[in-house]
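The structure under discussion appears below in the form of structure tokens.
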Amino acid sequence: MLEVRGLCKSYGGRRVLEPVSFVLPQGQCLGLAGHNGSGKSTLLRLMAQIERADGGQLLYEGKSVLGDRRFLRTALGYVPQSPQLAGELTVRRQLQLWQGACGLSGPLPGEVLELLGLEELMPRRISDLSGGMAQRVSLGLALLSRPRLLLMDEATTGLDRDYVPRLLDWLEDFVAGGGGLVWCSHHAGELDRLCGAVLTLENGALRT
């Protein structure tokens, strides 16, 4: 399904991510582990193309998808470590704008709203939400297009406690149904539960 070939990144001449390569088959979850600053979030940002890699390739179903906006909007869902939301918007408007950016129309997907309890938040401004509520909206944005590939960076951190088991159950079903998941977490229990394999980053390089 997904192949990462030698993605790497430097800032100001300092290499923060050595070339990383791995394959994520369909219907599997790959875990990313490592201490803060090990390069996990950088790797996910490069895969989500929030930042440009200095080198390497990203292939989806055998095709290069670096710079492929359609892939980013329809096949990929990304949850950053901290929600990146527009504080002046209501939750409804934030979701609608992203739905439009994905080329979708019609009602917002009810199963996503129900999973994350977003219906009750719809009229509220993003700036008025608690951290846990904002994380639920961030997750909702990632799931809106019903992607087949998810990149999640510490997705349960700060999430309202009642929604953690609900999300993990949903993700297990997602992977069992053929989806691909890259799950970055400090929680060993989550990695054990979701992931068929775990890669550990240390000082920007895969630990062998």
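Points worth noting:
- Residues that are without any contact (Cβ under 8 Å) to a residue 40 or more places away in the chain and of a type outside the set (A, V, I, L, M, F, W, C) were ranked within region 101-117; the one that is surrounded by the most Cβ atoms within 10 Å (Cβ to Cβ) is Pro109.
- Taking the criterion of being surrounded by fewer than 21 Cβ atoms within 10 Å (Cβ to Cβ), under 21 Å from Ala205 (Cβ atoms) and touching a Cys at 6+ places or on another chain (Cβ under 8 Å), the residues of region 42-80 that qualify are Asp54, Gly55, Gly56.
- Condition met for Val175 (of a type in the set (A, V, I, L, M, F, W, C), closer than 25 Å to Arg73 by Cβ and in contact with a strand residue (DSSP E or B) (Cβ under 9 Å, 6 or more places away or on another chain)): yes
- Scanning region 66-100 for residues that are more than 24 Å from Leu171 (Cα to Cα), touching a residue at least 40 places away in the same chain (Cβ under 8 Å) and among the hydrophobic types (A, V, I, L, M, F, W, C) returns a single hit, Ala86.
- Arg161 meets the stated requirement of being among the basic types (Lys, Arg), free of Cβ contacts under 8 Å to residues at least 40 places away in the same chain and either under 20 Å from Gln81 (Cβ atoms) or out of contact with any strand residue (DSSP E or B) (no Cβ under 9 Å at 6 or more places or on another chain) (or both).
- Pairs with Cβ under 8 Å, 6+ apart, first in region 22-45 and touching a residue at least 24 places away in the same chain (Cβ under 8 Å) and assigned to a loop (DSSP other than H, G, I, E, B), second surrounded by fewer than 20 Cβ atoms within 10 Å (Cβ to Cβ) and small (Gly, Ala, Ser): Gln26/Gly178; Gly27/Ala176; Gly27/Gly177; Gly27/Gly178; Gln28/Gly196; Gln28/Ala197; Gly39/Ala205
- Extreme residue, modelled with the lowest pLDDT, among residues of region 103-138 that are hydroxyl-bearing (Ser, Thr, Tyr) and either over 21 Å from Gln81 (Cβ atoms) or within 17 Å of the chain's Cα centre (by Cα) (or both): Ser105
- Sole residue being under 20 Å from Glu154 (Cα atoms) and not β-branched (Val, Ile, Thr), chosen from Gly13, Gly62, Gly37, Gly56: Gly37
- Scanning region 160-200 for residues that are over 19 Å from Gln28 (Cβ atoms), modelled with pLDDT of 95 or more and surrounded by 14 or more Cβ atoms within 10 Å (Cβ to Cβ) yields Tyr163, Val164, Arg166.
- Checked against (1) part of a helix (DSSP H, G or I); (2) touching a residue at least 12 places away in the same chain (Cβ under 8 Å), Glu120 passes all but a single condition, namely (2).
- Residue within region 28-36 that is modelled with pLDDT under 95 and among the polar types (S, T, N, Q) present: yes
The values are calculated or read from the model by the stated rules, or taken from the named source; none is laboratory data. The shown structure was predicted, so the numbers you read here are calculated from the model rather than taken from an experiment. Quick reminder, even Gly has a Cβ in these numbers, built from the backbone with ideal geometry, and neighbours come from all protein chains shown.
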